[in-house]
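To start, the structure itself, in structure tokens.
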Amino acid sequence: MKKLAIDIMFLHDQYYRRGIGRYGKEIASRIVELSNRDIEIHLIGFEDLESNLAKLEMRIEPNLNNLVFHSLGSAKDASPITNIVLCFTKLAPLLLRLRPDRYYTAHFDRLAPTMFVQTFITIHDLIPFVTGSFSRQGKLKNFLKGLYYKFALSRALKSKVIYTDSKYSRKDLLKFGAKPDQIKVIYLGITEEFFAESDSDILERLSLEPMSYLVYDSGHEENKNTKKLVDLLALLNQRGIGMKLVVTGGDFKFDSEALIARTPNGQGFVDYAKEKGVLEQIRSTGTATEDELIRLFQKSKAYVNFSKYEGFGLGILQAMAAKTPAIISHYSTYPEVAGEAAILIDPENLEQHIT
């Protein structure tokens, strides 16, 4: 019987509520649900089987006769030292004993064990390498984390197959040493829930009326270009178009000074919004549930995202499913993902798009 090993460590670390975690959860749960008697699936993660199955939120009951769970101990967040120690002291010995036919991991941060097993990996993008931004905690940490990331990428590039989200990301992978026959481009999809009406009370809690706001669902790393969202609000005010902006995600907690320190270009998002006189028009949800996010998309005037570099752009698809116009930058992979189904603009010249 063939053995397939799947890394599910992300279910108990900081990636769980981020895009990588969501993607990994969807992939892992579907593999387990579709398992048959010819394949033995080995899940490798933290804690116990029950807690991991609960986090996978599977739609059908797994075939427990063909499912084996291997615990690497208590949950540990991903970090360079933790990842190296875990890989060589726990993961590698387990794989050498288990000898799976294939090993799949949804990201390379945990250090792909390509020296021990035939590995299949997903690399969504190479944003840190393209931007040179590996850490937002000072130059020294950025340098040190960059060294680790370069090592981790060198191991990931030795995988049998590298899955990525777009042709744009494929080009970057080739630039950094991947081979053409290694890479398989598979576009992302979204869950069926985004096509159905949500009854979340998130609008009431944020004191919002339908169609009175724009929604943004990503972070504010340097590539995200979030100051242009502030510029857009200010410009709409000048044109007499009063509009609010809802920002979601853990990066947007206005009472957190760390948020201001991490913001690119040395000036905080909040400070910049104050300077432009639009802070009172911005609502922050923090980390939103999927039901809340669906409601926010469905009742918004438009989805906005002016990022300069992305490997895909899941928010664009979510907006389409919610029948919400998407106003996005014309950079990187966005034209590939959106085609003619979104409004592509140059966020550096917002004035030319608003009359």
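The values are calculated or read from the model by the stated rules, or taken from the named source; none is laboratory data. Fair warning: this is a prediction, and the values are worked out from it, not measured in the lab. Neighbour counts run over all protein chains shown; Cβ positions are idealised from the backbone, glycine included. Side chains are part of the model used for accessible areas, which takes the heavy atoms of the whole protein and leaves out ligands, DNA and RNA. Shrake-Rupley method; radii C 1.70, N 1.55, O 1.52, S 1.80 Å.
Data for the structure
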item	result
Residue within segment 51-70 that is within 26 Å of residue 332 (Cα to Cα), of a type outside the set (Gly, Ala, Ser), at pLDDT below 95 and surrounded by 15 or more Cβ atoms within 10 Å (Cβ to Cβ) present	no
Hey, residue 273 at pLDDT 90 or above, among the small types (Gly, Ala, Ser) and crowded, with 19+ Cβ neighbours inside 10 Å or not	no
Number of positions in segment 33-50 that are out of contact with any strand residue (DSSP E or B) (no Cβ under 8 Å at 6 or more places or on another chain) and either buried (at least 18 other Cβ atoms within 10 Å of the Cβ) or among the aliphatic types (A, V, I, L, M) (or both)	1
Scope segment 33-49; condition at pLDDT 90 or above and in contact with a Leu (Cβ under 9 Å, 6 or more places away or on another chain); matching residues	40, 41, 42, 43, 44, 45, 46, 47, 49
Positions within segment 235-247 being in a helix (DSSP H, G or I) and in contact (Cβ under 8 Å) with a residue 12 or more places away in the chain, in sequence order	235, 236, 237
Condition check for residue 21: modelled with pLDDT under 95, closer than 30 Å to residue 141 by Cβ and among the small types (Gly, Ala, Ser)	yes
Extreme residue, modelled with the highest pLDDT, among residues of segment 190-221 that are surrounded by 19 or more Cβ atoms within 10 Å (Cβ to Cβ) and among the acidic types (Asp, Glu)	217
Check on residue 84, in contact with a Ser or Thr (Cβ under 6 Å, 6 or more places away or on another chain) and under 21 Å from residue 20 (Cβ atoms)	no
Which listed residue is within 23 Å of residue 81 (Cβ to Cβ) and out of contact with any helix residue (DSSP H, G or I) (no Cβ under 7 Å at 6 or more places or on another chain), from 116, 120, 143, 134	143
Neighbours by Cβ (under 7 Å, 6+ apart or cross-chain): first from segment 100-128, more than 20 Å from residue 176 (Cα to Cα); second assigned to a strand (DSSP E or B) and polar (S, T, N, Q)	103/119
Options 208, 214, 232; residue that is in a strand (DSSP E or B) and in contact (Cβ under 8 Å) with a residue 40 or more places away in the chain	214
Selection status of residue 79, closer than 22 Å to residue 17 by Cβ and among the polar types (S, T, N, Q)	yes
Test result for residue 30, in contact with a Phe, Trp or Tyr (Cβ under 9 Å, 6 or more places away or on another chain) and either surrounded by fewer than 18 Cβ atoms within 10 Å (Cβ to Cβ) or among the aromatic types (Phe, Trp, Tyr) (or both)	no
Residues being touching a residue at least 24 places away in the same chain (Cβ under 8 Å), exposed (fewer than 14 other Cβ atoms within 10 Å of the Cβ) and under 24 Å from residue 146 (Cβ atoms) - total across segment 76-99	1
Inter-residue pairs, beta-carbon under 8 Å, first assigned to a helix (DSSP H, G or I) and in segment 171-189, second surrounded by 12 or more Cβ atoms within 10 Å (Cβ to Cβ) and β-branched (Val, Ile, Thr), 6+ apart	172/130; 173/123; 173/162; 173/164; 173/183; 174/183; 182/161; 182/162
Exclusive hit being under 25 Å from residue 337 (Cβ atoms), basic (Lys, Arg) and in contact (Cβ under 8 Å) with a residue 12 or more places away in the chain, set 227, 158	227
Test for residue 83: is it in contact with a Gly (Cβ under 8 Å, 6 or more places away or on another chain), modelled with pLDDT of 90 or more, assigned to a helix (DSSP H, G or I) and of a type outside the set (A, V, I, L, M)	no
Answer residue from segment 2-27, given it is free of Cβ contacts under 8 Å to residues at least 60 places away in the same chain and open to solvent by 60 Å² or more (accessible area, probe 1.4 Å) and is farthest from residue 164 (Cα to Cα) among those	18
